[in-house]
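Presented below is the structure to which this report refers.
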Amino acid sequence: MATYLIRHTPRLSGEVEVSTAKNAVLPILAAGLLTEDPLIIKEVPRITDVETLVSILRDCGAEVNRSGADLSVCALQPQSPQNEERMRKLRASILILGPILARTGSACVGLPGGCAIGQRPIDLHLKGLQALGAQGHPLGGMRQLSGRLTGARIYLDLPSVGATENLMMAAVLAQGNTVIENAAKEPHIVDLANFLNSMGADIRGAGTDTIKIRGVEHMHGCNYSIIPDQIEAGTYMVAAAATDGNVLIKNVIPKHLESISAKLLEIGCEIEESDDAVRVVASKPLTHTHVKTLPYPGFPTDMQPQITVTLGLSKGTSIVTESIFENRFKYVDELTRMGANIKVEGNTAIIDGVPGYTGASISAPDLRAGAALVIAALAAEGITTIDDIKYIERGYEDFHLKLASLGAQIDKISTE
Ligand code: EPZ
């Protein structure tokens, strides 16, 4: 177990470099199962979700080695993983289903886990794979699927990121053409499609709501660099806003941050963009606004806790509506203990800004809420301890070190 000990930080300032995107690295690692050739994924962040997925890939028979910041993957003869319990450690574990099925014609995997922010079923994944010709049935806590995949037209009832990724990876080796309609358009969908095309796939339309895939016979190895992490960048942008800071966030793609920059401008921050960096300056009191989480290019659900924390310190009444997950306001109880004035009604939070938070002993309920509570603790008067930081370390590389480099008074304490 480990805990963050955080003292009031009047102002974050300086420069911070964003790592590559967790939610792009994870499907791309799973896609390594699609070829027997070795491939190199460059500058992979050292976060526990990557470590867990690497151990699942090894359980599938792949050879995965880290060389400095890069990971090499080679899956000569992939098989279904034996360790069901490990599948429950993260949501992205379900992304091995499409590749193993496409490569071997049969897969039996445990159900995924992930942040407890909603029910998070996999019905769209299974429905799409069945449309591609896989027959399947539940097998206790596992899902068994088999069949030679053939191209199909698939309509997703909602633009599921994971289902789009799984079905893209399944379709690249299917016989014939596949169209995925109402597909997710997140930056990591485009990155996965680019990676698959680097391996010899024929995918067009990624980033739009219609993705067309022409099945190929064989996929080959490649070297690939991942996009910067949109949500990590947004987290540091909002941390600057919440602490009256002045921070340059480097190694970003500003286009991916448009919705976050727009909201920070609305509440009174200054935003300066260059080709691969964004500066956030909060030099005057922040004011209220309304936010609704939506699929990309809307405001990201993974930034909802962070912006809520900042709106809790902004003058006036703000409203945040969570339209993607049905249980993503759990952290509000912890934030209330720090003095926030927030009322949650269904999927809406009504936020009356307060002059400041006060330190408390709290716990991180999940990855993004944990990061948001760290931001609240930096802005709070007094001292805050945050337990269960393992959730935060699932998705943020060197989080406390990067914050400390911006002047944050934050220490990681092992509580063994
Ligand atoms: C991915 O989760 C991300 N995780 C999540 O980030 C992110 O919040 C989410 O996309 C939305 O952007 C990874 O990429 C590893 P969805 P995923 O399928 O794929 C429902 C983080 O903090 N749904 O787009 O699970 C689902 O219940 C994490 O980095 C079905 O009903 O998201 C949810 O309400 C948290 N049936 C909505 O769709 C399905 O078969 C969006 O889920 C699949 C999803």
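Some observations on this one:
- Virtual spin-label span in nm between Met142 and His220, 7 Å along Cα→Cβ: 3.5 nm
- Basic side chains Lys and Arg get +1 at the Cβ, acidic Asp and Glu get -1 at the Cβ, and with that the dipole of region 277-352 about its Cα centre reaches some 320 debye.
- Cleavage-rule hits (trypsin sites (Lys or Arg not before Pro)) in region 312-370: DSSP loop, at most 15 neighbouring Cβ within 10 angstrom: Lys330
- On a per residue basis, region 251-306 carries 44 Å² of accessible surface, using protein heavy atoms and a 1.4 Å probe.
- Charge tally for Gly114 (other residues, Cβ to Cβ under 10 Å; Lys, Arg +1; Asp, Glu -1): +3.
- A 1.4 Å probe run over the protein chains yields, for region 341-395, 34 Å² of accessible area per residue, whole-number rounding.
- Contact order normalised by residue count of region 256-385, Cα under 8 Å, 6+ apart, percent: 20 percent
- Its residues counted as N, region 179-307 yields a C-alpha radius of gyration over 2.2 N^0.38 Å of 1.25.
- Summarised in one figure, the compactness ratio Rg/Rh of region 237-355, Cα atoms and Kirkwood Rh, is 0.96.
- DSSP-defined antiparallel bridges as percent of all bridges, the chain, nearest 5: 70 percent
- For region 289-295, putting each phi into the Karplus relation 6.51 cos²θ - 1.76 cosθ + 1.60 with θ = phi - 60° gives couplings of 7, 10, 9, 10, 6, 8, x Hz, in residue order, rounded to whole numbers and with x for Gly and Pro.
- Apportionment of accessible area to carbon and sulfur, the chain, percent (1.4 Å): 49 percent
- For region 1-60: accessible area per residue (Å², 1.4 Å): 32 Å²
- Here the Debye sum runs over all C-alpha atoms of the chain as equal scatterers in vacuum, and log10 of I(q)/I(0) at q = 0.06, 0.09, 0.11, 0.12 Å⁻¹ comes out as -0.24, -0.54, -0.79, -0.93.
- About its Cα centre, the chain has a charge dipole of approximately 600 debye under the convention of +1 per Lys or Arg Cβ and -1 per Asp or Glu Cβ, with nothing else charged.
- Put simply, when 73-84, 236-247, 154-165, 2-13 are sorted by average Cβ atoms within 10 angstrom per residue, most first, you get 236-247, 154-165, 2-13, 73-84.
- Residue with peak Gaussian network fluctuation, the chain [Cα springs, cutoff 10 Å], from Ile122, Ile260, Ile28: Ile122
- With both labels modelled 7 Å from their Cα along Cα-to-Cβ, the Thr348 to Lys315 distance reads 2.5 nm.
- Here's how it looks for Val291: its modeled amide H is under 5 Å from those of Ile319, Val320, Thr321, which are all 5 or more places away or on a different chain.
- Taking the DSSP beta bridges with both ends in region 147-213, the antiparallel portion is around 55 percent.
- Here the relative contact order of region 93-215, from alpha carbon pairs under 8 Å that lie six or more residues apart, stands at 24 percent.
- Rounded to the nearest 20, the Cβ-based charge dipole of region 180-288 about its Cα centre (Lys and Arg +1, Asp and Glu -1) stands at 100 debye.
- Among the listed pairs Lys263/Lys315; Lys89/Lys185; Lys22/Lys185, a Cα-Cα separation exceeding 21 Å is found for Lys89/Lys185.
- Residues in region 1-39 that a label on Ile383 would reach, taking backbone N under 18 Å of a point 7 Å out along Cα→Cβ: 2-10
- Seen from all directions on average, region 153-246 presents a Cα convex hull projection of 7.2 nm².
- Secondary-structure-derived ellipticity at 222 nm for the chain, considering helices only, amounts to -8500 deg cm²/dmol, per-run term -39500 (n - 2.57) for DSSP H runs with n ≥ 4.
- Amide H contacts of Tyr155 (H built 1.01 Å from N, in plane; Pro and chain starts excluded): Glu181 sit under 5 Å, all sequence-distant by 5 or more or on other chains.
- Shape class for region 252-305, computed from the alpha carbon gyration tensor (a ≥ b ≥ c): oblate, with a/c not under 1.5 and a/b at or below b/c.
The values are calculated or read from the model by the stated rules, or taken from the named source; none is laboratory data. Just so you know, these numbers come straight off a predicted model, no measurement behind them. Because the Cβ atoms are built from the backbone with ideal geometry, glycine has one as well, and the counts that use them run over all protein chains shown. In case anyone asks, the SASA skips ligands and DNA or RNA and just uses the protein heavy atoms, side chains included. Shrake-Rupley method; radii C 1.70, N 1.55, O 1.52, S 1.80 Å.
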